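Peer 1: One structure is given below, represented as structure tokens, and several questions about it will come after.
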Amino acid sequence: MAGVDVGGVELEFACPRCGGAARATIEAVRFLPVVECACGERFGIDLDAFAEQVTAAEVAAKAARKARRRA
């Protein structure tokens, strides 16, 4: 979506080793789609699922921007 920058938004990714939530910004995953969990496991990101998360973040950012304009 044009005009909506969500690069700094953090997403959670389930660690395949421990099941914990590893966090990374959209910008970091776009640069290198590998995340490191607190347990030490490094794993690749499912890019299709990531694209869906990014789209959801963009939709939410756009809705928030619209709500602020109306307020």
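The numbers here are math on the coordinates, done by the rules we state, and not lab data. Worth saying up front: this structure is predicted, and the values here are computed from it rather than measured. Ideal geometry is used to build each Cβ from the backbone, glycine not excepted, and the neighbour counts take in all protein chains shown.
Peer 1: Report yes if some residue within the range 44-52 is out of contact with any Cys (no Cβ under 9 Å at 6 or more places or on another chain) and surrounded by 14 or more Cβ atoms within 10 Å (Cβ to Cβ); otherwise report no. Explain how you work it out, then say what you get.
Peer 2: Keep residues of the range 44-52 that are out of contact with any Cys (no Cβ under 9 Å at 6 or more places or on another chain), which gives 44-52.
Retained after the next criterion (residues that are surrounded by 14 or more Cβ atoms within 10 Å (Cβ to Cβ)): 45, 50.
Yes, because at least one residue in the range 44-52 is out of contact with any Cys (no Cβ under 9 Å at 6 or more places or on another chain) and surrounded by 14 or more Cβ atoms within 10 Å (Cβ to Cβ).
Peer 1: Could you please give the count of residues in the range 14-71 that are over 11 Å from the mean Cα position of the chain (by Cα) and among the aromatic types (F, W, Y)?
Peer 2: Residues meeting the conditions: 2.
Peer 1: While we're here: Name the pairs: first residue in the range 41-55 and of a type in the set (F, W, Y), second residue assigned to a helix (DSSP H, G or I), Cβ to Cβ under 8 Å, at least 6 apart or on different chains?
Peer 2: From the range 41-55, the pairs are F50/V29.
Peer 1: Exactly one of (1) surrounded by 12 or more Cβ atoms within 10 Å (Cβ to Cβ); (2) free of Cβ contacts under 8 Å to residues at least 24 places away in the same chain; (3) of a type outside the set (F, W, Y) is unmet by R68. Its number?
Peer 2: Result: R68 passes all but (1).
Peer 1: Right, something else. So, in the range 38-54, how many residues would count as being under 16 Å from A28 (Cα atoms) and of a type in the set (G, A, S)?
Peer 2: 3
Peer 1: Does L32 satisfy the criteria of being loosely packed, with under 13 Cβ neighbours inside 10 Å and either touching a residue at least 40 places away in the same chain (Cβ under 8 Å) or at negative phi (or both)? First the steps, then the outcome.
Peer 2: On the way: loosely packed, with under 13 Cβ neighbours inside 10 Å: yes; either touching a residue at least 40 places away in the same chain (Cβ under 8 Å) or at negative phi (or both): yes.
Judged against the criteria, L32 is a match.
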